[in-house]
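Okay, so here's the structure we're looking at.
Just so it is clear, none of the values below were taken in a lab; they were calculated from the coordinates. Bear in mind the structure is a predicted one, so any value in this text is a computation, not a measurement. Note that we place each Cβ from the backbone using ideal geometry, even for glycine, and neighbour counts take in every protein chain shown.
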Amino acid sequence: MRFLTHVFAFLLAGSLAASAVTIEVDGRPLAAEPAPVNQNGRILVPLRAIFSALGAQVGYEHGLVSAQKGTRQVELTLNQSQARVDGQTVLLESPAQLINGATYVPLRFVAQALGARVEWQANRQAVVVASAEGSLPPVFEASRELKRLAVGNQAGVLKIWDRAGQEVAYYRGLDDRSVARLSQADQRAILGELGINGQVDQAARQLMNDYGRLPKRETLALLGVMNSLDTNAIGAETASRIRGFLVDRMQHDNQVANRRQAVLALAVGSNVDQATASAVTDFYATSENLWETFPVQQFFEYQAANLRGQVGFSSLVQRVGQVNSLYRDNILGYLNQ
């Protein structure tokens, strides 16, 4: 299933007017009015209509909107960009607002608040909302969850604290190259503890869209975990978006520590394309900072097997050999094994 973030990508491309979008909840079409609204490329939906269709009780009092479904409690205030879900703060992509007498929220908030899943069906021009079966999944909110991470200089996510901040919920070990690559057990433990399993596409989109207001190294380290997942598990489109974002941060972030973390996140990737390898090589060739280029060694150590079968590999080796760097012989050794 393609989830909510695919809807955003489609709409931001400007391919469809909001008035053409229909919404179905658990197989039932919602009334045409109040209709979805396209506001600056972001779809807003009528809260009461969708929440009620998902079985939630909705109330209003003095600008405060409340909803309850089972044990899930949701509260938000008109014109505010924050909501409370089970007592925890959730950031909205745009404020809840009153439009023609109805309260509208960003479509993604439906998933954040009630654990619903959303699929874009392009052939039908429809957003299909499905309620979660059984217990609702945890809500991943990057601004909250990233505070729980401890990030190393060589091995990415090293530790995750529990939500109370009292005990370690996940521990990886030493911060060195021997533990940098992630096993499937590491991947499951990290993503599971953060409530991301099965929602990688949505979480990755949130991390990239909100990068400017999130802790940078932690964001890049978590994107590295996602980059390490098998492409078949997360989809080629999501994998490509993550790699592209990491390359951009490596090239353009104004902080050395963030550029270095982006290289580390690329190094642990499950796969690599020629464009990414070329970008890392350019970064290695042009940077004069040995600390930020140190993990380039890890990139070529881990990705050498993937690169050898690609067109242009000989040219890549030649380019690496032309760089006057302390790390050149190590990198050539990995590539020529």
Open item on the list: Show me the GluC sites (Glu not before Pro) within region 167-253 that DSSP assigns to loop and that have at most 16 other Cβ atoms within 10 Å of their Cβ.
Closed with: GLU167
- [ ] Place +1 on the Cβ of every Lys and Arg and -1 on the Cβ of every Asp and Glu in region 198-279, take the dipole about the Cα centre, and give the residue among ALA267, ILE234, LEU214 whose Cα lies farthest towards its positive end.
- [x] LEU214
Open item on the list: Compute the angle between helix 184-193 and the longest alpha-carbon principal axis of the chain, please, reported from 0 to 90 degrees and rounded to the nearest 10.
Closed with: 40
Open item on the list: Which residues does the label zone of ASN38 cover in region 81-110, counting backbone N under 17 Å from a point 7 Å along Cα→Cβ?
Closed with: 106-108
TODO: Based on the mean of other Cβ atoms within 10 Å per residue, sort peptides 199-209, 272-282 so the most packed one is first.
DONE: 199-209, 272-282
- [ ] Please list the non-local residues whose amide H lies under 5 Å from the amide H of VAL151, H modeled 1.01 Å from N, same-chain partners needing a gap of 5 or more.
- [x] LEU158
Open item on the list: Give the lysines reachable from LYS159 as a straight Cα distance under 18 Å; neighbours fewer than 8 places away on the same chain don't count.
Closed with: LYS147, LYS216
- [ ] Return a whole-number percent for the relative contact order of region 142-335, with Cα pairs under 8 Å and 6 or more residues apart as the contact set.
- [x] 16
TODO: For GLN80, enumerate residues with amide H under 5 Å from its amide H, sequence gap 5+ or separate chain, H modeled in the peptide plane.
DONE: ALA96
- [ ] Would you mind working out the magnitude of the charge dipole of the chain relative to its Cα centre, with +1 at each Lys and Arg C-beta and -1 at each Asp and Glu C-beta, to the nearest 20 Debye?
- [x] 80
Open item on the list: Taking 8 Å as the Cα distance limit and 6 or more residues as the minimum spacing, I'd like the relative contact order of the chain as a percentage.
Closed with: 11
Open item on the list: Can you compute 3J(HN,Hα) from phi for each residue in region 305-320, using the Karplus curve 6.51 cos²θ - 1.76 cosθ + 1.60 with θ = phi - 60°, rounded to whole Hz and x for Gly and Pro?
Closed with: 4, 5, 7, 4, x, 8, 4, x, 5, 4, 5, 5, 4, 5, 4, 4
Open item on the list: Can you give me the long-range amide H partners of SER228? Hydrogens built in the peptide plane at 1.01 Å from N, cutoff under 5 Å, separation of 5 or more residues or another chain.
Closed with: SER270
Task: Residue order, fewest to most beta carbons within 10 Å, for ARG241, ARG249, ARG144 - done: ARG144, ARG241, ARG249
Open item on the list: What's the magnitude of the charge dipole for region 142-335 around its Cα centre, counting Lys and Arg as +1 and Asp and Glu as -1 at the beta-carbon? Answer in Debye, nearest 20.
Closed with: 180
Open item on the list: Could you order the peptides 324-332, 219-227 from most to least packed, using the average number of other C-beta atoms within 10 Å per residue?
Closed with: 219-227, 324-332
TODO: Calculate one ³J(HN,Hα) per residue across region 323-330 by plugging θ = phi - 60° into the Karplus curve 6.51 cos²θ - 1.76 cosθ + 1.60, and present them in order as whole Hz with x for glycine and proline.
DONE: 7, 7, 9, 4, 9, 4, 5, 4
Task: Peptides ranked, highest mean first, by Cβ atoms within 10 Å: ranges 312-321, 289-298 - done: 289-298, 312-321
TODO: May I ask you to sort VAL127, VAL65, VAL311 by Cβ crowding, counting other Cβ atoms within 10 Å and putting the fewest first?
DONE: VAL311, VAL65, VAL127
Open item on the list: What are the ³J(HN,Hα) couplings of region 47-55, residue after residue, when phi is run through the Karplus curve with 6.51, -1.76, 1.60 and θ = phi - 60°? Round to Hz, x for glycine and proline.
Closed with: 4, 4, 4, 6, 4, 5, 5, 8, x
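Show me the three semi-axes of the equivalent ellipsoid for region 142-335, from the C-alpha gyration tensor (sqrt of 5 times each eigenvalue), largest first, rounded to whole Å. It would help to have the intermediate numbers written out before the result.
Numbers: eigenvalues 153, 58, 48 Å².
The equivalent ellipsoid of region 142-335 has semi-axes of 28, 17, 15 Å.
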Task: Full-extension gain in nm, PHE313 to LEU174, via 0.36 nm per residue minus C-alpha separation - done: 46.8 nm
